[in-house]
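Okay, structure first, notes after.
The values are calculated or read from the model by the stated rules, or taken from the named source; none is laboratory data. Predicted model only: the values in this text are computed from it and were never measured. Using ideal geometry, Cβ is built from the backbone for each residue, glycine included, and neighbour counts are taken over all protein chains shown.
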Amino acid sequence: MLATPPAPRLAPAAGTERALREVVRRARPFHERLHAARAAPVPPGDPSPAALKRLATWRETLSRGDDAAFNLRLAWDGLDEAAALAAMGDAPAEDGDAPLPAWAQVLRGAYAWDQGGVTLELAPDDRALDASDPLPFEPALLPLVRHARGQVERACGPASTLLHANAHAALERSLLKRLASLCAKALFARFSAARAMRGMGGMFAPAADGTAYDAFVASLGGGGMLRFFSDVPVAARLAGTATLQWIDTTAELLQRLGDDTPRLRDELFGGAAPGGVRRLRCDAADFHGGGRSVYILEFESGARAVYKPRPLALEPAFAGLAAWLAAQPEGVELRVPAVVALPTHGWLEFVERA
């Protein structure tokens, strides 16, 4: 991974807009920096020390110092060393007239930095939380979950009622877990540094009636998370992108469920109305295709179905093969789950493991 230099400290008067544009600039991945370098070539001159260090790290990681292999890799992308150095220098400043990317707007809306920032609750009451299984720094990440929840409710309207509260909670907790996996290590590093400062007589001190952890979490309220994301801009981009993907994919699930319920009733459940979704499993597969995943839905009727956010052309083909095998002399009977195959996604009858 290419190192990101420390964030410059912004004066309070710089405001949320300037701070977020700086986060966006510093969170740019290499392919975006390369595109920017091609669009606006850097004038000839000595490369920056940061660019030289990044190129040396990439060269060693990729080719273990083999210049010929490294140059071949650059050539695959139509690059030479000069172009790579230009892309690895400091990213150009953001266009102040261009809109912020959607992931940055999600962060801005969730933490309400324009209004002074949210106050973080040390013991929040929220359906996305599980008191028996707390996640690290969850109060600092919960504003993103609550913002995402509101966005889905506004986008889906009555379709949100297709899921019971438990099912919504499962979806929202899956987002919280993903955010914790993206940010917890960086937050813990900052927490450890704060504890060390306290030990050396620094500004950080625990709350009068709480712990050092509580005081640290409370310090992330207001503009605290903006300062954190300014120091760790890649975490900002990952967290904002994960939240944005969750909003889109959850709204997509609800829309498809509403549209497809008549077919589920007729083709998976033998004509019986399934009712609303009372439970939902979100750990059936990893994330792919823009944050999509496989879900197992349990309906009020007790019936279950597997939602797959991809075309299921292979499943009907296998069902046809199974039917052909069964029709042969001494044929083999294979149990094939019922399927509702649609152009963009599909639903499978749930089958218990043997």
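Values as computed for the structure displayed
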quantity: Which numbered condition Ala305 fails, given (1) of a type in the set (Gly, Ala, Ser); (2) touching a strand residue (DSSP E or B) at 6+ places or on another chain (Cβ under 8 Å); (3) crowded, with 16+ Cβ neighbours inside 10 Å; (4) under 25 Å from Leu179 (Cβ atoms); calculated: (4)
quantity: Subset of the range 74-92 [outside any loop (DSSP other than H, G, I, E, B) and surrounded by 15 or more Cβ atoms within 10 Å (Cβ to Cβ)]; calculated: Leu74, Ala83, Ala84, Leu85, Ala86, Ala87, Met88
quantity: Of all residues in the range 205-222 being at pLDDT 90 or above and part of a loop (DSSP other than H, G, I, E, B), the one that is surrounded by the fewest Cβ atoms within 10 Å (Cβ to Cβ); calculated: Gly222
quantity: Filter result for Glu300 (of a type in the set (Asp, Glu), surrounded by 12 or more Cβ atoms within 10 Å (Cβ to Cβ) and under 22 Å from Arg265 (Cβ atoms)); calculated: yes
quantity: Residue selected from the range 100-126 under the condition at pLDDT 95 or above and under 20 Å from Ser181 (Cβ atoms), by the criterion surrounded by the fewest Cβ atoms within 10 Å (Cβ to Cβ); calculated: Trp103
quantity: So Arg353, is it over 19 Å from Gly258 (Cβ atoms) and of a type in the set (Lys, Arg); calculated: yes
quantity: Members of the range 54-70 found to be in contact with a Ser or Thr (Cβ under 9 Å, 6 or more places away or on another chain) and within 21 Å of Glu32 (Cα to Cα), listed by number; calculated: Phe70
quantity: Test: residue in the range 169-192 that is polar (S, T, N, Q), at negative phi, in a helix (DSSP H, G or I) and modelled with pLDDT under 95; calculated: yes
quantity: Qualifying positions in the range 94-139 - closer than 29 Å to Gly290 by Cβ and of a type in the set (A, V, I, L, M); calculated: Ala98, Leu100, Ala102, Ala104, Val106, Leu107, Ala110, Ala112, Val118, Ala128, Leu129, Leu135
quantity: The lone exception for Ala251 - which of (1) more than 25 Å from Val351 (Cβ to Cβ); (2) modelled with pLDDT of 95 or more; (3) within 14 Å of the chain's Cα centre (by Cα) it fails; calculated: (3)
quantity: Matching residues, the range 256-306, being hydrophobic (A, V, I, L, M, F, W, C), touching a Pro at 6+ places or on another chain (Cβ under 6 Å) and assigned to a strand (DSSP E or B); calculated: Phe299
quantity: Lone qualifier among Leu20, Leu34 - being part of a helix (DSSP H, G or I), within 30 Å of Arg227 (Cβ to Cβ) and at pLDDT 85 or above; calculated: Leu20
quantity: Every pair of residues 6+ apart whose Cβ atoms lie under 9 Å, when the first sits in the range 337-351 and is closer than 21 Å to Ala322 by Cβ while the second is hydroxyl-bearing (Ser, Thr, Tyr); calculated: Gly346/Tyr307; Trp347/Tyr307; Leu348/Tyr307
quantity: Identity of the residue in the range 254-288, of a type in the set (Asp, Glu) and over 14 Å from Trp347 (Cα atoms), that ends up surrounded by the most Cβ atoms within 10 Å (Cβ to Cβ); calculated: Asp283
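Okay, residues lined up against (1) under 25 Å from Pro158 (Cα atoms); (2) touching a helix residue (DSSP H, G or I) at 6+ places or on another chain (Cβ under 6 Å); (3) not hydroxyl-bearing (Ser, Thr, Tyr):
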position: Gly270; (1), (2), (3): no, no, yes
position: Tyr295; (1), (2), (3): yes, no, no
position: Arg304; (1), (2), (3): yes, no, yes
position: Phe318; (1), (2), (3): no, no, yes
position: Glu330; (1), (2), (3): no, no, yes
position: Val340; (1), (2), (3): yes, yes, yes
